[in-house]
Amino acid sequence: MINNKVLAIVLGGGQGSRLYPLTDKRSKPAVPIAGKYRLVDIPISNCINADIKRIFVLTQFNSASLNKHIKNTYHFSFLVVLL
């Protein structure tokens with residue numbers, strides 16, 4: 001069942017000062033997990049598995065690597081990154 005009426009907003013703009021030095025050059029949601037995944041992949045994966053087809057990722061602090069990761073990883077028309 002596709003959930004057309006539900007919109008997901010993933011907040012991906014944390015500075016992550018407590019995760020320094022991992023967040024020296026990237027935002028907290030862009031920190032790698034297990035070498036392949038990023039922190040932001042967990043809520044995006046949960047949305048996809050719940051058949052939520054409208055996903056917006058809000059980015060703010062030092063978001064270049066996060067935007068690149070999302071663009072290269074997810075090739076869906078329903079995923080939008082907002083700066």
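Observations, loosely collected:
- Any hit, the range 6-18, residues being modelled with pLDDT under 90, of a type in the set (S, T, Y) and under 26 Å from S77 (Cβ atoms): no
- Total residues in the range 7-53, condition of a type in the set (V, I, T) and in contact with a Lys or Arg (Cβ under 7 Å, 6 or more places away or on another chain): 1
- Only residues that are hydroxyl-bearing (S, T, Y) and part of a strand (DSSP E or B) were counted in the range 20-41, giving 1.
- Whenever a residue of the range 42-56 is touching a residue at least 24 places away in the same chain (Cβ under 8 Å), its partners that are small (G, A, S) and not in a helix (DSSP H, G or I), lying with C-beta atoms within less than 8 angstrom and at least six residues away or across chains, give the pairs P43/A8; C47/A8; I52/A8; R54/A8; I55/A8; F56/A8.
The values are calculated or read from the model by the stated rules, or taken from the named source; none is laboratory data. Predicted, not measured: the structure shown is a model, and the values here were computed from it. Methodologically, a virtual Cβ is constructed for each residue, glycine included, from the backbone with ideal geometry; neighbour enumeration extends over all protein chains shown.
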